[in-house]
Amino acid sequence: MLRLENELPDDRKFLVSTVPPSRGQVRLAVWVLLALVLALIVTVPFARVPLNDTQILLPAYATAVLMAELITSALLFVLVAIQRSRAMLVLAAGYLSTALLIIPWVLTFPGVFGPSGLLDAGLQGTALIAAVRRIGLPLFVLVYVLLKDSSPTEGDLSGPVNRIVPGSIAAVVAAICGLTWISVSDDALLPRLMTDTSRVSAIWSYVPATASVLCLAALALLWSRRRSVLDLWLMVVLCVWLIETFLLGYISAGRFSVGWWAGRLYGLMSASLVLLVLLSETTTLYARLARSVSAERRTREARLTTMEVLSASIAHEVNQPLTSMVTHADAGLRWLQREQPDLDETKAALKSIVNDGHRAAKIIESVRTVFRKGAQDRFPLNVNGLIQDVLGQTQSDVRLSRVAVQTELDGDLPAVTGNPVQLQQVLTNLVTNAIDAMSTVTDRARVLRIRSGIHEPHCIVVSVEDAGTGLDAKHEDRIFEPFFTTKSYGLGMGLMICQSIVESHGGRLWMTNNLRHGATFHFTLPVDETAA
Ligand code: ADP
């Protein structure tokens with residue numbers, strides 16, 4: 001069963017082993033490969049020229065490969081700890097094995113640390129280690145590819161990673177020690193891979209052949225299952241490994257020829273490629289993470305400022321009806337204290353006090369809805385159901401205002417997680433505003449259109465479109481500000497509250513003017529992945 005990227009938990013979505021490669025990365029991989037093939041074509045005519053400078057070059061080569069592959073395996077083991085993936089464990093163990101195998105290989109290599117190598121190795125020991133190494137890496141990559149798309153339950157490591165990782169490292173080290181011991185203990189028991197210190201025997205031809213078959217199989221499987229940046233570069237590594245195998249096995253004239261040394265260079269290349277990719281991708285992802293953290297901090301700070309502005313505005317707005325109430329109450333008292341009390345004026349003053357009282361209560365009520373108890377309770381919801389509820393509740397307003405309602409609701413709309421009361425308030429606000437905006441329209445049909453659908457991969461979108469007056473361009477930036485209103489009876493709190501509710505649900509609310517008449521308000525909400 002395939003595991004798609006959007007089914008992964010958040011902490012795994014941004015790893016080099018899960019992020020799909022961009023077009024640029026694929027292009028770079030192809031260029032690297034072409035350059036390496038070109039280098040091969042240039043090398044082939046000189047491949048059989050002898051070039052013997054073993055004592056300096058081989059230990060330097062082995063150290064470079066050892067370091068590159070060791071660091072690669074360390075980074076892959078870190079990915080194992082995060083991803084808990086069996087496939088990644090196999091790949092990390094594979095890189096560790098090829099890294100460690102280079103140690104006995106160079107130590108036993110004839111002519112490097114002694115005429116027949118260190119550790120009392122015979123002629124065949126070094127070749128046996130080289131053969132295991134040559135076949136080992138493509139084999140590990142093949143197993144990695146076979147395991148990498150298994151389902152989370154099958155593909156995830158079941159035990160604690162802080163035991164599995166050291167356990168695997170110990171197993172690899174033990175296996176390499178065992179192989180080294182076999183290679184140096186009794187040369188007579190080993191397969192006859194070499195005829196002398198520089199030329200291979202006929203049996204050796206099975207080694208490059210097996211390695212090539214494994215490489216091609218792993219390449220084909222990786223091609224069909226490629227998903228991530230890591231997969232892309234593992235394919236390049238396998239191609240380089242294949243070139244190296246051909247150079248060493250078929251084109252060069254045995255050890256120390258130009259072809260053999262070129263093969264070593266390709267070996268160094270294949271050892272470093274994944275490391276370079278892991279390092280560059282980690283740095284890029286780290287930079288992206290740092291940017292998103294600072295953007296989030298800026299949003300939080302901006303929201304704090306909005307809250308400060310809001311509380312100051314609320315104090316100001318509530319103060320205004322209170323002052324007006326006191327003034328009207330004073331006036332009412334004066335009208336009553338007259339010798340001939342003026343009851344009509346007193347009634348008018350009392351009416352104003354009642355209106356002011358209602359206005360203050362409305363301001364406080366609208367703020368309370370945002371912070372109301374239970375406002376944070378969230379459930380999986382079907383937004384189409386909420387839309388139908390709101391249309392039911394606003395039915396009489398719609399009828400009185402002679403508005404025709406049209407709905408285009410996506411029947412397969414995924415669930416979102418949200419607070420039903422708050423989201424209903426958002427919809428009610430947008431619907432009421434739309435009805436208000438069409439109240440003066442007389443020359444065309446008053447149509448309210450509500451749509452729901454999928455927006456981007458992980459969001460749903462709801463749009464509320466009217467055929468009203470639309471919005472003056474000079475007001476566009478202000479409609480979400482607290483207390484901005486163009487209505488004589490308006491409070492100017494509705495859209496501000498809608499925006500803060502939608503944003504607290506992880507969505508976005510915005511407005512567009514329609515091409516002909518009216519405006520459309522859109523809001524997105526993230527899909528509830530667990531319910532899906
Ligand atoms: P209120 O409705 O109390 O004025 P809102 O915050 O809901 O407060 O709206 C702020 C302003 O945005 C409105 O006064 C109006 O000018 C504008 N507005 C909102 N919805 C629409 C719409 N559908 N069409 C045109 N203008 C709108």
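The values are calculated or read from the model by the stated rules, or taken from the named source; none is laboratory data. No experiment lies behind these values; they were computed from the predicted model shown. Backbone-built Cβ (ideal geometry, glycine too); neighbour counts: all protein chains shown. We work out accessible area using only protein heavy atoms, side chains counted, and drop any ligands, DNA or RNA first. Shrake-Rupley method; radii C 1.70, N 1.55, O 1.52, S 1.80 Å.
Could you tell me which residue of segment 386-420 is nearest to Asn433 (Cα to Cα), considering only residues that are among the acidic types (Asp, Glu) and open to solvent by 80 Å² or more (accessible area, probe 1.4 Å)? Let's see the steps before the verdict.
Initial filter on segment 386-420 (among the acidic types (Asp, Glu)): 389, 397, 408, 410, 412.
So of that shortlist, the ones also open to solvent by 80 Å² or more (accessible area, probe 1.4 Å) come out as 408, 412.
Numbers: Glu408: 19, Asp412: 28 Å.
Result: Glu408.
Looking at segment 121-202, the helices (runs of 4 or more DSSP H) lying wholly inside it that each contain 2 or more residues that are within 21 Å of Gly111 (Cβ to Cβ) and touching a residue at least 60 places away in the same chain (Cβ under 8 Å) sit at 123-148, 161-185. The numbered conditions (1) touching a Lys or Arg at 6+ places or on another chain (Cβ under 9 Å); (2) of a type in the set (Gly, Ala, Ser); (3) near the ligand (Cβ under 9 Å from one of its atoms) are all true for Gly490 except (1).
The set of residues from segment 203-225 being free of Cβ contacts under 8 Å to residues at least 24 places away in the same chain and either closer than 15 Å to Ile129 by Cα or surrounded by 16 or more Cβ atoms within 10 Å (Cβ to Cβ) (or both) comprises Ile203, Tyr206, Leu219.
The set of residues in segment 393-410 that are free of Cβ contacts under 8 Å to residues at least 40 places away in the same chain and farther than 20 Å from Phe379 by Cβ comprises Gln395, Ser396, Asp397, Arg399, Leu400. Entry remark, segment 471-487: residues being at positive phi and within 6 Å of the ligand (Cβ to nearest atom) number 0 in total. Residues in segment 500-520 that are open to solvent by 50 Å² or more (accessible area, probe 1.4 Å) and hydrophobic (A, V, I, L, M, F, W, C) were compared, and the one that is farthest from the ligand (Cβ to nearest atom) is Leu515.
Out of Ile182, Ile176, report the one residue that is surrounded by 13 or more Cβ atoms within 10 Å (Cβ to Cβ) and in contact with a helix residue (DSSP H, G or I) (Cβ under 7 Å, 6 or more places away or on another chain). None of the other options fit; the residue is Ile176.
Evaluated against (1) under 30 Å from Ser198 (Cα atoms); (2) at pLDDT 90 or above; (3) open to solvent by 10 Å² or more (accessible area, probe 1.4 Å), Pro115 falls short on exactly one condition, (2).
Please tell me if Ile497 is open to solvent by less than 10 Å² (accessible area, probe 1.4 Å), touching a Ser or Thr at 6+ places or on another chain (Cβ under 9 Å) and within 9 Å of the ligand (Cβ to nearest atom).
On the way: open to solvent by less than 10 Å² (accessible area, probe 1.4 Å): yes; touching a Ser or Thr at 6+ places or on another chain (Cβ under 9 Å): yes; within 9 Å of the ligand (Cβ to nearest atom): yes.
Yes: the conditions hold for Ile497.
Does segment 447-470 include one or more residues that are within 7 Å of the ligand (Cβ to nearest atom), over 19 Å from Asp397 (Cα atoms) and outside any loop (DSSP other than H, G, I, E, B)? Spell out the reasoning first.
As a first pass, look at segment 447-470 and keep what is within 7 Å of the ligand (Cβ to nearest atom): 466, 468-470.
From what is left, the residues that are over 19 Å from Asp397 (Cα atoms) are 470.
Subset that is outside any loop (DSSP other than H, G, I, E, B): none.
No, that holds for no residue.
Per-residue answers, yes or no, for (1) within 12 Å of the ligand (Cβ to nearest atom); (2) touching a Ser or Thr at 6+ places or on another chain (Cβ under 8 Å); (3) touching a residue at least 12 places away in the same chain (Cβ under 8 Å):
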position	(1), (2), (3)
Asp412	no, no, no
Pro420	no, no, yes
Leu430	yes, no, yes
Asp436	yes, no, yes
Ser439	yes, yes, yes
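Can you spot a residue in segment 431-443 that is assigned to a loop (DSSP other than H, G, I, E, B) and over 28 Å from Lys362 (Cα atoms)? Checked against the condition, which is being assigned to a loop (DSSP other than H, G, I, E, B) and over 28 Å from Lys362 (Cα atoms), segment 431-443 yields at least one hit.
For segment 226-238, which residues satisfy the criterion of being open to solvent by 10 Å² or more (accessible area, probe 1.4 Å) and assigned to a helix (DSSP H, G or I)? Even if it seems obvious, please write down each step before you answer.
Kept after step one, since they are open to solvent by 10 Å² or more (accessible area, probe 1.4 Å), are these residues of segment 226-238: 226-227, 232-233, 235.
Passing the criteria: Leu232, Trp233, Met235.
Screening Val447 against (1) more than 29 Å from Ala360 (Cα to Cα); (2) crowded, with 19+ Cβ neighbours inside 10 Å; (3) β-branched (Val, Ile, Thr) leaves a single unmet condition, (2).
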